[in-house]
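Reading through the structure tokens given below for one structure.
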Amino acid sequence: MLPSKAVLSRCGARIGWPPGPAWIALAGAALIGVQLAARTFATNDEARFPLLAQDILARGDWLRPRLNGVGYFNKPPLLAWLIALVSWPFGRVTEWTAVVPSAAAAVATVLLTYAVARDLFDAETGRLAALLAATTQGLFFSAHLALPDALMTAAITASLWMLARMTIAPVGRAWIGFYGFAAVAFWAKGPGGLLPVAIGLGYGLLTRSRRRWSLHLAPGVAILGVAVGLWALLGALADRQAVAQAVLVDQVGWYRPRGLHLATLTAPVRNLAVVLFPWGLLTPLALAAAIVTRRRREPGDRVLFLLAWLGVTVALVALSREQRLRYYGPMVPPAAILVGWWLGPWLTRRITGTEPGPAVARRAAVHVRRLLPVLWLVTALGFALGHRWEVARHNAAGDYPRMAERVRPLLRDGPVVVWGLPELPLAFYLGQPVIRVRSERQLQTALARAPHAVVVAADRS
């Protein structure tokens, strides 16, 4: 005999599963806080925004921060500002103060995932989705990096929460939040933060014959125009040519579509599998259930909202020229909500018999629900231990703090030159600009200009 929904609810309440949003936030913060400051900066990407924040603290110029002594215009400075604010009471940027904004953004994303799922479906789906998001590899990894991806993901999720509220209650001012948070996402990382607008347009087209809500495009575009214009104006006042180059190369060129070949299909699948691990293993099952359910009016349109969120994000990121794991971070919230919906309301209907299906599927659903708390705890423990191992491996491969200690006694009047190594991590730990050369000829030129330079070269160079 299969259990009733009431029995399932009593069992869940007895074991305290899933917990409330406050406990989920605490659990997420505790998990993300594991060795938060243990990872050293070993790449230019990791050291870039900490260096910008350090320059803000050193020179007091919040509008035109410099990177390694040169003006930086490739990305808006929101993350650098936040790192500087966290670091200001300590007087300097550290590994810990540099990642606090990313960690806080990841915890905020967990809570925002709960809010979106609660408003689209119910509180149980929200709690399940938040738990899954907190233990998804993509979000956990980005929370430990001083990069703008976690901040952008949080702002995108907040924007789409407002879009969900717009579709549920058309009369209101949620549209202001929709465009406002999209503007924050832009200030976090640039044009990629405007993803919510593309998702809103896509969902609007899919529901155009029956929707009662409006995107308020005219005032919304004005809000976004102000946000984008302010960043462009700040850059143009400092160096118009450098801003134009950054927009063409780092912004437009970075997101330029790739040609169609085998890697166009395999790279996104591989990246999605890594970013959504381990709950991404359940995503195909949840997708199959969603495709069937979307044909119904209720909750079909709400499931369709998730499908549009997932589909537009995958399409835009997968087709862009650059493929990096962290670019798929915005996939974590919708995937977690979709799997949470499948594990919550959809499986409950299967278990109780209100949803037609074979008995084998119902028994499997019962076992999945019973094992879920154990699976979540095992996943959280695995993340904590795996992160500890990964940090040790990462720090051993690029021990820039130790390298800086060896270089510092050699410093005289000349600069520091690196060959075959990223320059920004060493610049951060030395606290001074570092020159990078890419060939022996460039090295000879640098030494001719500064005979007392200290040269740090990779073995292969």
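The values are calculated or read from the model by the stated rules, or taken from the named source; none is laboratory data. Since the structure is predicted, the reported quantities are computational estimates derived from the model, not experimental observations. Don't worry about glycine lacking a Cβ; one is built from the backbone with ideal geometry, like all the others, and counts go over all protein chains shown. Ligands, DNA and RNA are excluded from the accessible area calculation, which covers all protein heavy atoms including side chains. Shrake-Rupley method; radii C 1.70, N 1.55, O 1.52, S 1.80 Å.
Numbers below:
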item	result
Scan of region 406-420 for residues that are under 33 Å from the mean Cα position of the chain (by Cα) and surrounded by fewer than 19 Cβ atoms within 10 Å (Cβ to Cβ), ordered by number	420
Leading residue by the ranking (surrounded by the fewest Cβ atoms within 10 Å (Cβ to Cβ)) among those in region 74-93 that are among the β-branched types (Val, Ile, Thr) and closer than 18 Å to residue 105 by Cα	86
One residue from 76, 101 being under 28 Å from residue 334 (Cβ atoms) and assigned to a loop (DSSP other than H, G, I, E, B)	76
Every residue from region 304-337 that is under 20 Å from residue 131 (Cβ atoms) and either among the hydrophobic types (A, V, I, L, M, F, W, C) or assigned to a loop (DSSP other than H, G, I, E, B) (or both)	306, 309, 310, 331, 332, 335, 336, 337
Among (1) of a type in the set (D, E, K, R); (2) closer than 20 Å to residue 139 by Cα; (3) part of a loop (DSSP other than H, G, I, E, B), the one test that residue 46 misses	(3)
Boolean, residue 161 is in contact with a Gly (Cβ under 7 Å, 6 or more places away or on another chain), farther than 30 Å from residue 424 by Cβ and open to solvent by 30 Å² or more (accessible area, probe 1.4 Å)	no
Residue that is surrounded by the fewest Cβ atoms within 10 Å (Cβ to Cβ) [pool: residues in region 427-461 that are in contact with a strand residue (DSSP E or B) (Cβ under 6 Å, 6 or more places away or on another chain) and assigned to a loop (DSSP other than H, G, I, E, B)]	461
Pairs where the first residue, in region 171-183, is on the phi < 0 side of the Ramachandran plot and the second is open to solvent by 30 Å² or more (accessible area, probe 1.4 Å) and among the basic types (Lys, Arg), C-beta under 7 Å, 6+ apart	174/165
Test: residue in region 215-227 that is within 22 Å of residue 303 (Cβ to Cβ) and open to solvent by less than 40 Å² (accessible area, probe 1.4 Å)	yes
Residue match in region 290-303 (condition: open to solvent by 30 Å² or more (accessible area, probe 1.4 Å) and among the aliphatic types (A, V, I, L, M))	yes
Meets criteria (open to solvent by 10 Å² or more (accessible area, probe 1.4 Å), in contact with a helix residue (DSSP H, G or I) (Cβ under 9 Å, 6 or more places away or on another chain) and aliphatic (A, V, I, L, M)) for residue 197	yes
Pairs with Cβ under 9 Å, 6+ apart, first in region 188-207 and free of Cβ contacts under 8 Å to residues at least 24 places away in the same chain, second open to solvent by 10 Å² or more (accessible area, probe 1.4 Å)	201/215; 201/217; 201/312; 204/211; 204/213; 204/214; 204/215
Pairs where the first residue, in region 297-316, is over 14 Å from residue 286 (Cβ atoms) and among the small types (Gly, Ala, Ser) and the second is modelled with pLDDT of 95 or more and part of a helix (DSSP H, G or I), C-beta under 7 Å, 6+ apart	308/199; 308/202; 308/203
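To keep it simple, each residue is scored yes or no on (1) open to solvent by less than 50 Å² (accessible area, probe 1.4 Å); (2) over 19 Å from the mean Cα position of the chain (by Cα); (3) modelled with pLDDT of 75 or more.
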residue: 320; (1), (2), (3): yes, no, yes
residue: 332; (1), (2), (3): yes, no, yes
residue: 348; (1), (2), (3): yes, yes, no
residue: 352; (1), (2), (3): yes, yes, no
residue: 375; (1), (2), (3): no, yes, yes
